[in-house]
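Below: one structure, written as structure tokens.
Every number here is computed from the coordinates shown, using simple stated rules; none is lab data. These numbers come from a predicted model, not from an experiment. Cβ: placed from backbone, ideal geometry, glycine included. Neighbour counts: every protein chain shown.
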Amino acid sequence: MSVGGGANGSGASTDARARTEAARRVRPGRRFSVLPVPASVEILELDVPVGALTAFRALPRGRAGESVRGTALLVPGFTGSKEDFLPLLPLLAEHGFDAWAFSQRGQGDSAAPVGEEHYTLDAFSGDVIHVASLIAELTGRQHAHLVGHSFGGTVARAAAISGATPEINRNVSEPSSMAKLTGSPSSTASRKATSMTPSAVPLPR
């Protein structure tokens, strides 16, 4: 990456600094549950304002020469955690996505602030925005496909329409719509489920 003089060099230097700073806020984590974690899935901790939110990442494994299809950020339901998405992450990676899932505040081994005032929809959706922004800084990709399960879908939708950042103006989906991303429904039920087309939600600029 060129960091020479001029407008382009200045922009490249700024991007490099942003990625370096983001990398400091993404560190290796530890396995939380007894569920096996595939070798292709990284265990991470993400440093965001609420504290450390634990995450999984599966890097894309497309064919040589193929570009990354995008970032997929998966948000678990109210009683769930990132572990809910362990079967999906390698599948998304095989189809060319940089796939992430994180445990929301109060879930699993993520930060759990004391007091119900810390568990509002604005607080949850703010975490999604911080996580998506951190991933964007780390990868240089300024958009993400948000996928939420149950309450996680409500949180993802709130984040997407909040207008807090234009970097996540992509699709908001439910897991039953995952075949829309991978293009490979695995059963009659999943084919029917794909009728729930993901909603493209452009954020105000």
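Observations, loosely collected:
- A viscosity of 0.692 mPa s and a temperature of 37 °C, combined with the Kirkwood radius over C-alpha pairs in the Stokes-Einstein formula, give the stretch 1-152 a diffusion coefficient of 202 µm²/s.
- Annotation: the residues Val48, Val37, Val26, sorted from fewest to most other C-beta atoms within 10 Å of their own C-beta, follow the order Val37, Val26, Val48.
- Inter-label distance for Arg61 and Ile43, nm, one decimal - labels placed 7 Å from Cα along Cα-to-Cβ: 1.9
- Extended-chain gain in nm, criterion 0.36 nm per residue less alpha-carbon gap, Ser33 and Ala18: 2.1 nm
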